[in-house]
Structures are given as structure tokens and as C-alpha cells.
Amino acid sequence: MRLPRTVIALGAVSLLTDASSEMIYPLLPVFLSSVLGAGPLAIGAIEGAAESVAALLKLASGWWSDRLPRRKPLVVAGYGIASVVRPLTGLATGVGQVLAIRLLDRVGKGIRGAPRDALIADAVEPPHRGRAFGFHRAADHAGAVMGPLAAYALLAWGGFSLRTVFLLAAIPAAAAMVALLFGVRESRREEPAARRRDGLRRQGLDRRFWLYLLVLLVFTLGNSTDALLILRATELGVSATMVPILWAALHVVKSASSTPGGILSDRLGRRPLILAGWVIYAAVYLGFAFATARWHAWALFLGYGLYFGMTEGVEKALVADLVPANIRGAAFGWYNLTIGLAAFPASLLFGGIWQAFGAPTAFVMGAGLSLLAATGLLVTVDRESGPVNGEPGIASATSPTRSGTA
């Protein structure tokens, strides 16, 4: 099956946006620690606060997109805000300014995230959701390969400063806006959700969906910001110049594994892929806890990429499986809210434990929470869950046997 134009175009938008973002993000911990003097706790607080802001807005924008004839205007607004403010990191002279820029950047992400995911789900039939979300994540991660490589070339061969590299990130961001405005076409939906005063539209989201979010919440509490993984890599001997290459290698694995991961979830069910990914995540975090050499950091980052490929698109496909079509925006909003709100305490907790007791203790904690979440997933999602004859099959939260389709 050929993916719809909307999915392909949104993949191109994400590719260019991530190329812009990842010219900055992997270098930000180095910039904060070496130029602005920030420590692990400050870095964790900045990233955790930014993701929490994004999560709150994803819920509101997803709910609102269910009520609009088209979701695209919200997607355009979100990408536009982030494209304007992100390169301004190059002008920051203090930690507070970086925090403000990151918050505004994540405001843009919060506005666009849930409507964009709902737009992808709207565009494909249920048996192909895993493939569509996997393709989107693969394109996103391909951009995350391009960005760090461009940053490396500018730093190592062009002799540019970190600040100049951050400012040049405006170029792919502008290209992403062109692709979004002229490449994404959305048909007017015939039946947007009714405009009723029902809070953030929890109606129609049943117990299975909420228990799935609870499991994700537990997992996310052990999932620190990737900025701290980069910091750990520098502790193990990876130089600032090589950080973009390490980041690019991570995203090569993410991009290469995301589409196959999504396709496998269409065939085997969502649960096996998510479980395998979370077990790999736990192994990687245990590896970071006890790593002692530079090559350990490279090997662990590659394993970390495989975890993403097996879970990112699959988790979103499972959200689409569990809810009615007319409230997908709200469902993706709740999904992103759960992950984003947990990101702030998770990053603070992780950074605080690192600063107080050392990196090994923090990484062991993260591994333990991921295994706890995997155990929770075993009892909330049936082994055969996934699209079956066009519809998902999810067991009841308490029953170990299949109870029918959702």
C-alpha cells in the first residue's frame, strides 16, 4: 500500500523540523554546562519544564482539533512558533533565557503535536496505522541525522561557533514551513466532534485507554531527558565535537528501525513490540549505570535507538486503536499530556539523584521503573492486541484472555 500524500508530506515536514532542532539540541547540554555553567539538575529542570508545557498544550490543541473542520491550521501555528524562536538560542546569554526559548519552542510543539498525530490517523485505514506512524517517526529521525551532521560540519570544518550554528538552524526550519503550507492537504471532515461543554472530552475514552496511560506514566517517570544521556556520554570521554556525530548515529538507528517496527506491530500486535522495546531500554540504562569507557557510550546510544524504533510509532498506533475516530485529537492530547507531565518530575528526580548520589544510581532507578511498566503492560493489553480485520483487539484490563475487539 502506498501511503497517502498527507502522511508523506507530514513526514517531510518533520524531517526538516528535526534537522533544525537537532542542530541545537545535542549541543545544548554542552552549551549550558561549558558556556553558561549549568549543572545536571538545572539541565534536567529546563528540559522537564519544557516538555511539561508542551504536554499541557497538546491536550488542549488535540481537544480543539476534534471540533474544527480542519486540523491543519493548528499544525501550521505550532510549527510556525517553534521555527521562529528555536534559533534564538544562539543569542542567549543566561540559563533563564535558554529556559524561556525552550518553553516557547515547546509551546509550538504542544500546539501541533496531537492534531498532527490525529491527522495521520485520519489519513490511513486501521490495518496500516503502525506503518504510517512508523514512517513518520522514521522521517523525523532522518532529520535528526541530518541536523547533527550539519552541526558537526559547521563546527569541525567551517570553524563556526556554537552560537552561529544555533542561528543557522533557521534555514531548515523555514523549509519545513514551506513544505507544510504547500505539501499537506487535508479534506474537510464531515463530522467533527460536537461543541459541547464536556471538559476536555474524556467521554468515549474507556477504562482500557486510561490504564494504558497509567502504564505509560510509570515508564515515563524513569525516562530522563536525553540531555542527561549526552552529559553521561561526555563523562565517558565523548568530546563536544563528536557529540553531534553520536547523536546522528542514534537517529540512524531510530530511523532505520521505526518503519519495520510499525509494520511488525500491524502483523504481530502492539504489545510485543512495546514490551521488547522497554526491556531494551532497561538494559541500556543499566549499561549507562556501569559504563566506564567511551566506546560503551557509542554502543549504548545505538541500543537506545532500537528502543525508540520499536516503541514510538507503535505506542501512538495503540492509542488510535483504542479510541473512536471522532475523539482521536483528544486521545492523543491525553497521551502526550501523560508523557509530558511525567517528564518534568522524571527529569528533576533523575537529575537530583545524579547530583546527590551519582549517575549509576539514577540510571538503575530508570531501568527499574521501565521493567515495572513492562509488567503493567502485560496485564493491561492482550498479547494479540492490534488491528484485527480492520479493528483493534484489546483485552480487558484485568482479564488475561482475549475479550473481543474495541
| If you check ALA139, ALA121, ALA150, ALA175, which single one turns out to be closer than 19 Å to LEU74 by Cα and modelled with pLDDT of 90 or more? | ALA175
| field | All positions within the range 148-166 that are surrounded by fewer than 15 Cβ atoms within 10 Å (Cβ to Cβ), within 27 Å of the chain's Cα centre (by Cα) and of a type in the set (Gly, Ala, Ser) | value | ALA153
| field | Test result for ALA256, in a helix (DSSP H, G or I) and without any contact (Cβ under 8 Å) to a residue 60 or more places away in the chain | value | no
| field | Conditions (1) surrounded by fewer than 24 Cβ atoms within 10 Å (Cβ to Cβ); (2) in contact with a helix residue (DSSP H, G or I) (Cβ under 6 Å, 6 or more places away or on another chain); (3) not polar (S, T, N, Q); number of the one not met by ILE8 | value | (2)
| query | Quick one: would you say PHE166 is within 29 Å of ALA330 (Cα to Cα) and among the aromatic types (Phe, Trp, Tyr)? | reply | no
| query | Considering the range 13-37 alone, what residues qualify as being of a type in the set (Gly, Ala, Ser) and in contact with a Phe, Trp or Tyr (Cβ under 9 Å, 6 or more places away or on another chain)? | reply | none
| message | Checking the conditions here, which among LEU32, LEU15, LEU27 is of a type in the set (A, V, I, L, M, F, W, C) and within 16 Å of the chain's Cα centre (by Cα)? | response | LEU15
| message | Taking the conditions exactly as written (crowded, with 23+ Cβ neighbours inside 10 Å, in a helix (DSSP H, G or I) and at pLDDT below 80), does ALA331 satisfy them or not? | response | no
| message | Quick check on GLY309: is it touching a residue at least 60 places away in the same chain (Cβ under 8 Å), not acidic (Asp, Glu) and not in a loop (DSSP other than H, G, I, E, B)? | response | yes
| field | Unique match (being in contact (Cβ under 8 Å) with a residue 40 or more places away in the chain and crowded, with 21+ Cβ neighbours inside 10 Å) among LEU59, LEU3 | value | LEU59
| note | Subset of the range 153-165, residues of a type outside the set (A, V, I, L, M, F, W, C) and at pLDDT 85 or above, comes to GLY158, SER161, ARG163, THR164
| Is it the case that PRO260 is farther than 15 Å from LEU306 by Cβ and of a type outside the set (Ser, Thr, Tyr)? | no
| request: For the range 380-387, indicate whether the set of residues that are at positive phi and at pLDDT below 80 is non-empty. | output: yes
| said: Under 9 Å between Cβ atoms, which residue pairs at least 6 apart in sequence (or on different chains) link something in the range 282-294 that is within 17 Å of LEU231 (Cβ to Cβ) with a partner that is surrounded by fewer than 16 Cβ atoms within 10 Å (Cβ to Cβ) and hydrophobic (A, V, I, L, M, F, W, C)? | reply: GLY287/ALA299; ALA291/ALA299
| Check on ALA153, closer than 24 Å to VAL252 by Cα, in a helix (DSSP H, G or I) and in contact (Cβ under 8 Å) with a residue 24 or more places away in the chain | no
| field | Verdict on PRO392 being surrounded by 15 or more Cβ atoms within 10 Å (Cβ to Cβ) and at pLDDT below 85 | value | yes
| remark: Of those in the range 65-87 that are over 21 Å from the mean Cα position of the chain (by Cα) and in contact (Cβ under 8 Å) with a residue 24 or more places away in the chain, the residue nearest to TYR335 (Cα to Cα) is ASP66
| query | For the range 224-235, does any single residue satisfy the condition of being touching a residue at least 12 places away in the same chain (Cβ under 8 Å), small (Gly, Ala, Ser) and either in a helix (DSSP H, G or I) or out of contact with any helix residue (DSSP H, G or I) (no Cβ under 9 Å at 6 or more places or on another chain) (or both)? | reply | yes
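The values are calculated or read from the model by the stated rules, or taken from the named source; none is laboratory data. These figures come from a predicted structure and were not determined experimentally. Glycine gets a Cβ as well: all are built from the backbone with ideal geometry, and neighbour counts include every protein chain shown.
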